[in-house]
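Below is one structure, written out as structure tokens; the observations come after it.
We did not get these values from a lab; they are worked out from the coordinates using the rules stated. In this text, all values refer to a predicted model and were calculated from it rather than measured experimentally.
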Amino acid sequence: MKKFIIILLLITGCATLKYIAPRSQKPHKVDMGILFEYYAPSAQRVTLAGEFNNWEFGNSEKAIQLQKKEDGIWWAVVPLQPGRYKYKFVIDDTKWEGNPNGESANDTDGNSLIVVE
């Protein structure tokens, strides 16, 4: 009986996970460029750093500051020329994170990759 209950809980738990939507979307094209999103409800600042802005963040002139929505999702639309770009989100100027909903660059630094056509 214990095995049956454990198996039932595992199946139910796995099935439930399919219905949990990610809080933010992977980067995608919108009218003015590429929309980047990152879920960080407790962050004070999120910037986007990558090959497209020479990895600058924080208060740098080329830093891309994301705006925070009420639901904790930070966002920015970035006009990018066609190409392949590695990037990361920088949370509160200290924590560098790849995009959990984006494509991995499969490099040793844990960068994400956006391909713009």
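Results, tabulated for the structure shown:
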read-out: Per-selection Rg to Rh, region 53-104 - Cα, Kirkwood hydrodynamic radius; value: 0.94
read-out: Amide H within-cut-off set for Trp55, under 5 Å, with H built and near neighbours excluded; value: Gly50
read-out: Whole-number Å³ per residue for the convex hull built on Cα positions in region 23-116; value: 94
read-out: Nonlocal amide H pairs with Ile34, under 5 Å, H built at 1.01 Å; value: Val78, Leu80
